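Below is one structure, written out as structure tokens, with a few remarks after it.
Rule-based calculations on the coordinates, nothing more; no lab input. Note that this is a predicted model, so its numbers are computed, not measured. As a convention, Cβ positions derive from the backbone with ideal geometry for all residues, glycine included, and neighbour counts pool all protein chains shown.
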Amino acid sequence: MRNKAERKEINMRAGFGRAEITPPLGVELAGFGYYLGRKCESVRDPLYARAVLIEDGKEKMLLVSCDVLGLSRRIADRILEEAEELGIPRDHVLIVSVHTHTGPAVIYHLGCGETDEDYLSALGDRILPALRQAAEDLAEVSRLRFIRTPLEGDYFYNRAAPEGPVDRDARGFLMERTGRAPILIGSAACHGVFLGRATCVSADFSGAFHRLCGEAGILSLYLNGLCGDIDPLRPSEQRMEEFGRLLFETLREPERELPRTLEGGRLPWTLRLRRFSREEIRGQAEAAVRRYGSAEEPAARAALRWEEEMLLREDKLQAEEPGDAAYCVLGGIPILALPFEGFTETGRIFRRLIGMEDALVLGCAEELLGYLPTRDEYDRDSYAARESFFLYRRLPPLIGEAERMGEQMAEQLALRKAGR
């Protein structure tokens, strides 16, 4: 972090880029249940990778958002490599997915979306033009504005607990640029499942948001918040369009002026996992078979495949997993990206501890590592706590790790602010 003498505002520039990543017809779509074989039959709206490059003369920060459910490590690394080629340090690149469930499978989910190797082998190269365009589109930011305001209406709810927390705030930055179209960075927290089990390709509500921005002459980037416990209420195509419009109309004219300052980097974290013995691995799979009544039931089949893989990897399974999370502080407002389907409470803890409700806390960053359920999810023995780790071919986090992740990230950011 810069010392106080270096924090004075200097000229800021920003650039935008976009590249289409729509899959071919016939590719399986990700999410919504085991072994559905839900293939893409049409394209409702094209999918894109979008990039915003920001620099202030001392630092550069690249924000990338992809219209998919989640990325793989291979694709994320390809983006990071290209960023380095463009002179952007890897630790100043923030990559997220919008978490649409009407997009192609990019990470392999057991039974919830078969990956198409032809599509994946080309995906990284299809994303990269967005980064290059952003680098070529740099123009002076004449004004930086921000908004945080509750979204009106009843468009989403806590699907895990009727009385559970919901972050109803939309947050957005508007960068006005000299001689170029403005860039709007918008964020809220909701699962991209308004279209249900549709067989069309769509970015869901973020696609509607982007379309409306484009019609208004605004370039846009959408960053989904922690949506692991947040679903649309009464989802439908009409409601999706309404929600996309609500986001656009709420965020398009922020009034709060921000200093044109930029900082970024990565915050280290350690996730503690439950280390199963061979007997416990088998016990988890057997419990799933009993729960679903038959080894032939789709969810039980996924559990048995997880059992097989865990036994093969038993000597490599670790009780702790290290990682890091990209962050950006734009105009004094933190943006933090976690590689999980995170829950609202994690974001609430982070914001409370850093004393800033304006902060954006995002999920589904880089390689999506699965759900990070809160304590109450374990108390309810919910799907997220009980068996979602089958889907991601992982060990489950220990109880309390979601809350501790919020604490870890707040502590690390505080240390950065203190210059340590």
- Task: Between Glu117 and Val166, take the C-beta separation as r, use R0 = 22 Å, and let me know the FRET efficiency to the nearest 0.05.
- Result: 0.05
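Need one number: the % of Cα-Cα pairs in segment 282-420 sitting beyond the 21 Å mark.
Numbers: 4725 of 9591 pairs.
That fraction is 49 percent.
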- Task: Any chance you could give the angle, 0 to 90 degrees and rounded to 10, that helix 117-136 forms with the longest Cα principal axis of the chain?
- Result: 20 degrees
- Which far-off residues, 5 or more places away or on another chain, put their amide H under 5 Å from the one on Gly264, with H placed in the peptide plane? Val329
- Message: So the label point goes 7 Å from the Cα of Arg272 along Cα→C-beta, right? Which residues of segment 299-321 then have their backbone N under 14 Å from it?
- Response: 319-321
- Task: For segment 391-396, just list the computed ³J(HN,Hα) in residue order, Karplus coefficients 6.51, -1.76 and 1.60, θ = phi - 60°, integers in Hz, with x standing in for Gly and Pro.
- Result: 4, 9, 6, 9, 8, x
- Message: How big is segment 158-299 along each principal axis, measuring the range of its Cα positions in Å and listing the largest first?
- Response: 64, 40, 30
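Where does the chain land on the Kirkwood hydrodynamic radius, alpha-carbon pairs, in angstrom?
Values: mean 1/r = 0.0462 Å⁻¹.
For the chain, inverting the mean 1/r across all distinct Cα pairs yields 21.7 Å.
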- Task: Specify which residue in the list Leu415, Gly400, Ala326 is farthest towards the positive end of the charge dipole of the chain, using unit charges on the beta carbon of Lys, Arg (+1) and Asp, Glu (-1), about the Cα centre.
- Result: Leu415
- Message: If a paramagnetic tag sat 7 Å from the Cα of Phe32 along the Cα-Cβ line, which residues of segment 165-202 would have the backbone N under 13 Å from that point?
- Response: 192-202
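Loop only per DSSP, at most 13 neighbouring Cβ atoms within 10 Å: give me the GluC sites (Glu not before Pro) in segment 264-324, ordered by residue number.
Working: sites: Glu279, Glu280, Glu286, Glu296, Glu307, Glu308, Glu309, Glu314, Glu320; in loops: Glu296.
Those that pass, being in a loop and sparsely packed, are Glu296.
Given +1 on the Cβ of Lys and Arg, -1 on the Cβ of Asp and Glu, and no further charges, what dipole in debye does segment 264-318 carry about its Cα centre, rounded to the nearest 20?
Numbers: 12 positive and 10 negative charges, 73 e Å.
In debye, rounded to 20, segment 264-318 gives about 360.
Based on the Kirkwood radius over alpha-carbon pairs, what is the Stokes-Einstein translational diffusion coefficient of segment 280-358 at 37 °C with 0.692 mPa s viscosity, in µm²/s? Display every interim value, and only then the final one.
Numbers: Rh = 16.2 Å.
Translational D for this selection: 203 µm²/s.
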- Assigned charges on the beta-carbon of Lys, Arg, Asp, Glu; the chain dipole about Cα centre (debye): 840 debye
- Residue-span extension gain [Arg290 to Ala414] - 0.36 nm each, minus C-alpha spacing: 39.9 nm
- Summing +1 per Lys or Arg and -1 per Asp or Glu among the other residues with Cβ less than 10 Å from Leu128's Cβ gives -1
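Could you tally the net charge around Met310, taking each other residue with its Cβ under 14 Å from the Cβ of Met310, Lys/Arg +1 and Asp/Glu -1? Walk me through the numbers before you get to the answer.
On the way: positive: Arg274, Arg275, Arg278, Arg282, Arg305, Arg313, Lys316, Arg393, Arg394; negative: Glu279, Glu280, Glu286, Glu307, Glu308, Glu309, Glu314, Asp315, Glu387.
Net charge in that neighbourhood comes out at 0.
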